[in-house]
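S.K.: Supplied in structure tokens, the structure appears directly below.
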Amino acid sequence: MAQNESAAHATDGTDREATAPADGKVAVVTGAGSGIGRAVARELIAAGWHVVLAGRRRETLDATADRVGRVGAEGPAVVPVPTDVTRPEDVDALFAAVRDRFGRLDLLFNNAGTFGRPGPLEELSYEDWRAVVDVNLTGAFLCAQAAFRTMKEQDPQGGRIINNGSISAHVPRPHSIAYTATKHAVTGLTKSLSLDGRPYRIACGQIDIGNAATEMTGRMQTGILQANGQTAVEPVMDAADVARTVRHMASLPLEANVQFATVMATNMPYIGRG
């Protein structure tokens, strides 16, 4: 996968200014500081997209920008924008920055998420429940709403939103009620966005991912509780395989849409789980 490892960023930690090609498409990737978000950002940059990296910590966004390749005046722009997706004012500022810099938005990869603290349902605190709901559901809604507004108002009208669901949007793991509930809710978010976006050429799809090898799935590789009460190591897959699927979904014309896609480690215990 092509990337420009040698292109350095300015000493003040900001990205180099880049002039957008006239036909350059613009994407926002949330949760871009690591894992699947970083892999998708890299894939989109390699395909010529301008990518705005959103995440809570500037240092991890800068690390992503360095890995995907800070690009000069002739290539796509990589723009880190520190954002807490649970804060409406942060989300508003993120999409205002996109409009100010590029004048439009073609893709939102709504990826920011957290598994939360695992444990028995009866021991889950209200604070732990809210922490997962605030990121996985409210954060996804706020970003989708802001992207929708931008896509509806821009000329030419339209764009695409891809929500990161999960295998847990279909079946739960033990001790995962907050995560599972929010991922089921993301499916409802996806369907409503698809319906409400029809008059404005706004397409929305969902990618449900199973066991991509990231920081978040480290427990799969050391042993995780199964539905039968046993602990087992589960197979994982390269996050780059997820990223290629997202790029395919994003590359379709707005007249076509992948409504739901499932990408998973082939032998993970999903089909026949339990």
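S.K.: What list of ³J(HN,Hα) values in whole Hz, one per residue of the range 25-42 in order, does the Karplus curve 6.51 cos²θ - 1.76 cosθ + 1.60 (θ = phi - 60°) give from phi, with Gly and Pro shown as x?
M.R.: 8, 10, 10, 10, 10, 8, x, 7, x, 6, x, 5, x, 5, 5, 5, 4, 4
S.K.: Along the charge dipole of the range 26-264, pointing to its positive end and built from +1/-1 on Cβ of Lys, Arg, Asp and Glu, which listed residue (VAL68, PRO82, THR245) has its Cα farthest out?
M.R.: THR245
S.K.: Compute the acute angle (0 to 90°) between the alpha-carbon long axis of helix 140-153 and the principal axis of greatest extent of the alpha-carbon atoms of the chain; round to the nearest 10°.
M.R.: Rounded to the nearest ten degrees, it is 30.
S.K.: Hey, another quick one. For the chain, set up a Gaussian network in which alpha carbons nearer than 10 Å are linked by springs, and say which option among GLY116, GLY103, GLY37 fluctuates the most.
M.R.: GLY103
S.K.: Quick one: which residues, 5+ away or cross-chain, put their amide H under 5 Å from the amide H of ILE202? H built at 1.01 Å from N.
M.R.: Counting only residues 5 or more places away or on other chains, the set is GLY159.
S.K.: Also, I was wondering about something else. Grab the beta carbon distance between ARG99 and SER192, set R0 = 25 Å, and tell me the FRET efficiency rounded to 0.05.
M.R.: So the FRET efficiency works out to roughly 0.60.
S.K.: Using only helices, what value at 222 nm comes out for the chain when you add -39,500 (n - 2.57) per DSSP H run of length 4 or more and divide by the total residues, to the nearest 500 deg cm²/dmol?
M.R.: My calculation for the chain gives -11000 deg cm²/dmol from helical runs alone.
S.K.: Loop only per DSSP, at most 12 neighbouring Cβ atoms within 10 Å: give me the GluC sites (Glu not before Pro) in the range 37-139, ordered by residue number.
M.R.: Sites meeting the loop and neighbour criteria: GLU74.
S.K.: To continue, here is another question. When the dipole is taken about the Cα centre of the range 26-264, and only Lys, Arg (+1) and Asp, Glu (-1) are charged at their Cβ, what size is it in debye, to the nearest 20?
M.R.: Once rounded to the nearest 20, the dipole reads 340 debye.
S.K.: For a quick size check, give me the Cα extents of the chain along its three principal axes, largest first, whole Å.
M.R.: In descending order, the Cα extents are 56, 43, 34 Å.
S.K.: Taking the Cβ-Cβ separation of ARG201 and ASP66 as r and a Förster radius of 45 Å, what is the calculated FRET efficiency to the nearest 0.05?
M.R.: Result of the calculation: an efficiency of 0.80.
S.K.: Turning to a different aspect of this structure: Which lysines does LYS183 reach when only Cα atoms under 23 Å apart count, and residues fewer than 8 places away in its own chain are ignored?
M.R.: By straight Cα distance, LYS183 reaches LYS191.
S.K.: For a quick size check, give me the Cα extents of the range 90-199 along its three principal axes, largest first, whole Å.
M.R.: In descending order, the Cα extents are 50, 26, 16 Å.
S.K.: Let me ask something else about it. Sort out for me the Cα centre separation of the range 110-153 from the range 190-263, rounded to whole Å.
M.R.: 16 Å
Coordinate-derived values only; no laboratory data. In this text the structure is predicted, and so the values were computed from the model without any measurement. FYI the Cβ positions are ideal-geometry reconstructions off the backbone, even for glycines, and counts take in every protein chain you see.
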